[in-house]
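First comes the structure, then the notes that go with it.
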Amino acid sequence: MTDPKTPALTDPQPNAKRQDLQPDTVNPGGTLTDNMGHPISDDQNSLKAGALGPTLLEDHFLREKLHHFDHERIPERIVHARGSGAHGYFELTRSLAEYTTAQVLTEVGAQTPTFVRFSTVAGFRGSPDTPRDIRGFAVKFYTPQGIWDLVGNNAPVFFIQDAIKFPDLVHSVKPEPHNEIPQASAAHDTFWDFISLTPESLHTIMWAMSDRAIPRSFDTMEGFGVHTFRLINAEGKVTLVKYHWKPVLGLHSLVWDEAQKIAGKDPDYNRRLMWDTIDGGGTLEWQFGVQLFTEEQAAGWDFDFRDPTKIVPEALVPVEIVGRLVLNRNPDNFFSETEQVAFMPSNIVPGMDFTEDPLLQGRNFSYLDTQFSRLGGPNWQELPINRPLTPPQNNQRDGHMRRTINPGRVSYYPNSLDTGSPTPDPQEGFRSHPVMMSGVKVRERPESFSDHVGQARLFWNSLTPIEREHLCRAFQFELANVETRHVRLAMLDQIERVHPVLASQVAIALGEPPRAEQTAKPGGTQDSAEEMALLATANADVTAAAGVQHDPALSQRAPSEHKAEPTPRGRLVALLAGDGVDVAAVEAVQAALKAQEAKFHVVGPHLGDLGGVQATKTFSTASPVVYDGVYALGGTAGGLPLAEHPDAQMFVAEAYRHYKPVGAHGQDGEALLDAVAGRTAPLTFAKDEALGVVTGNPETFTQALARHRYWNRLSPQA
């Protein structure tokens, strides 16, 4: 019989967490008070001995206000300090009852409340959104069986195999301690010194140098659970699982030139996109997938599923879609929710268990430890954003800032007082899977973790030519910022293990001899068709992938299962217009964009009325790098036809150079396109729909917008 004092597990609904937070949400209004509820008569002036006299210590309102202000900041996260979050729900679409007893993965149609935080790894809390970096993708599920935290990244692998190296990794990538430079960047000596001496990092470095490390938005990047976990069914049978988030809008990234410029133009770029989307009634959505396999299957592979620097290729074990994640509500208070939310990979629910992944084992210790330090004590779970929907029942008491009131005299188990509760539940409670283990205490890595190159080659083989070009240029940029030559040379040795042609192209940019016979001239800050063509031929022999040599799921551009169909939904377009613009033309393109759930700003020479059209941005407050496409409509600016205005020309030229779709209406709009022909080197500007330049009706432009980038402006094989 259920103890009447123990709350029953309830079926969560998507609004359940919002209702749970409501008692702690105070709306503004009424009389101003202090923190003790005393009404305040004057909040503009402190209490003084005369208008020009000294301030009096008896002014308890002043002392309380300054006291709170002086202590408003808490320590920022050591890693993942720069983050943004949103509320939503997870809905299961296919039951995994065959594999687990976890209700969140067995009850089809149930909508479990979630809070998701996206983050960069290396930068401080005030750093920009768009540096080259791995992104955190942490999901908190408020399930009927307690909190489940799936604390992952937008890369499926990690830099190190053992948690004992995590402090060293982070120390190396953070600003160098003697001058605290550079901010939010891996392009410096200490990071690459560490990486050059840590061969196990090679696979993850390939992901970090790829376009995956500069996502266009949170909802156009994948998420991964990184580690392998166990699922346990009602009979105690174990199935191994890896978790995946597949974006509904598809996989899209910035180009490096954009990422750098956006950091200055709008350092809140990714955060702003998510906030504005949800604030405007939109959603961010992902499919939830699992890779399921057994230990018997894994025993035949030439890599170890416990190794966090390895993936299980989707070409080997396909991802099965079993649910979806929808984010639809912004936080009410950034600090109380996004900043104070605490994730722990050790937060799993009955029906799940860990594997012997040494990095996961260390994370399970470290995350709990850091919450104590950052959030001030052992009761951080009582913060509204962190507490489960089912109230905790245990014998823990007291501690800093305890808010739970536990009546009665019993705070221990077993007891015969107070009905003997709460009591463990052997049937429904969490149980670890019994794994037989024995061995001599050693500080060693297993031999099955020893291949550090094979899957780095698999990733390289799976990229399209333009993705290889971008990865090569990322290495060129990063290592050119390393001042110490022997570190650069050591990294070239590591890259050569992936492929000598890749190492050669990086070496040439560093002023070093190439490592292969055939080379191409690098493009510098621009993509190079010649270099891309050479890199496209540089395939490597893959090991540690169970025979898989190429996996299209690893590419952002290659077609594969579960990749979304191209869509203009969520894209942001700059509509360039001047005074006297054709109102009907503006309304036509706006209607076409709205019909496809795309967004737009009218960008003009000034804010306000352009003659029946309202400009919401100006050439000085907007930048082409924050838009997914540009549409030219004509008009005048400062007495000049818009086609002759330098800022308007720059908008079109920059969008074209970044491979974005460009459109125009009428003679005036097309004149602006014609005016930029000489400003797009090394690309050759051409009004060609196949190259994403549209001068027809607005519906054709929205179709072009769905494709996102037109890499064929560089080369047909891109």
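When you check Asn328 against the structure, is it modelled with pLDDT of 95 or more, within 20 Å of the chain's Cα centre (by Cα) and open to solvent by 10 Å² or more (accessible area, probe 1.4 Å), yes or no? Yes. Residue pairs whose Cβ atoms lie under 7 Å apart, sitting 6 or more positions apart in sequence or on different chains, and linking a residue in the range 304-323 that is at negative phi and aliphatic (A, V, I, L, M) to a partner that is modelled with pLDDT under 95 and surrounded by fewer than 21 Cβ atoms within 10 Å (Cβ to Cβ), are Val319/His562; Ile321/His562.
With hydrophobic (A, V, I, L, M, F, W, C) and open to solvent by 20 Å² or more (accessible area, probe 1.4 Å) as the only criterion, which of Ala456, Ala536 stands out? Among Ala456, Ala536, only Ala536 is hydrophobic (A, V, I, L, M, F, W, C) and open to solvent by 20 Å² or more (accessible area, probe 1.4 Å). Kindly check whether there is at least one residue in the range 442-450 that is in contact (Cβ under 8 Å) with a residue 60 or more places away in the chain, at negative phi, surrounded by fewer than 22 Cβ atoms within 10 Å (Cβ to Cβ) and not in a loop (DSSP other than H, G, I, E, B). Yes - at least one qualifying residue is present in the range 442-450.
Of all residues in the range 331-363, those satisfying the criterion of being open to solvent by less than 30 Å² (accessible area, probe 1.4 Å) and more than 21 Å from the chain's Cα centre (by Cα) are Ile348, Val349, Pro350, Gly351, Met352, Asp353, Thr355, Asp357, Gly362. In the range 146-201, the qualifying residues are those that are among the aliphatic types (A, V, I, L, M) and under 17 Å from Gly123 (Cα atoms), and the one that is surrounded by the fewest Cβ atoms within 10 Å (Cβ to Cβ) is Ile181. Output the number of the condition that Gly612 fails; it satisfies all remaining conditions of (1) surrounded by fewer than 14 Cβ atoms within 10 Å (Cβ to Cβ); (2) closer than 25 Å to Asp257 by Cβ. Just one mismatch for Gly612, condition (2).
For Tyr656, the stated conditions hold: it is in contact with a Gly (Cβ under 9 Å, 6 or more places away or on another chain), closer than 29 Å to Pro215 by Cβ, hydroxyl-bearing (Ser, Thr, Tyr) and not in a strand (DSSP E or B).
Looking at the range 251-308, the helices (runs of 4 or more DSSP H) lying wholly inside it that each contain 1 or more residues that are within 26 Å of Leu458 (Cβ to Cβ) sit at 256-265, 295-298. The set of residues in the range 406-441 that are among the hydroxyl-bearing types (Ser, Thr, Tyr) and at negative phi comprises Ser411, Tyr412, Tyr413, Ser416, Ser421, Thr423, Ser432, Ser438. When Arg63, Arg82, Arg94 are screened for being at pLDDT 90 or above, closer than 30 Å to Tyr269 by Cα and either out of contact with any helix residue (DSSP H, G or I) (no Cβ under 6 Å at 6 or more places or on another chain) or exposed (fewer than 15 other Cβ atoms within 10 Å of the Cβ) (or both), only Arg82 passes. Filtered by the rule that a residue be among the aromatic types (Phe, Trp, Tyr) and not in a loop (DSSP other than H, G, I, E, B), the range 335-351 gives a lone residue, Phe335.
Exactly one residue among Pro422, Pro388, Pro392 is without any contact (Cβ under 8 Å) to a residue 24 or more places away in the chain, assigned to a loop (DSSP other than H, G, I, E, B), under 24 Å from Gln145 (Cα atoms) and not aromatic (Phe, Trp, Tyr), and that residue is Pro392.
The values are calculated or read from the model by the stated rules, or taken from the named source; none is laboratory data. Fair warning: this is a prediction, and the values are worked out from it, not measured in the lab. Counting neighbours? That spans all protein chains shown, and the Cβs are built from the backbone with ideal geometry, glycine included. Heavy atoms of the whole protein, side chains included, go into the accessibility calculation; ligands, DNA and RNA do not. Shrake-Rupley method; radii C 1.70, N 1.55, O 1.52, S 1.80 Å.
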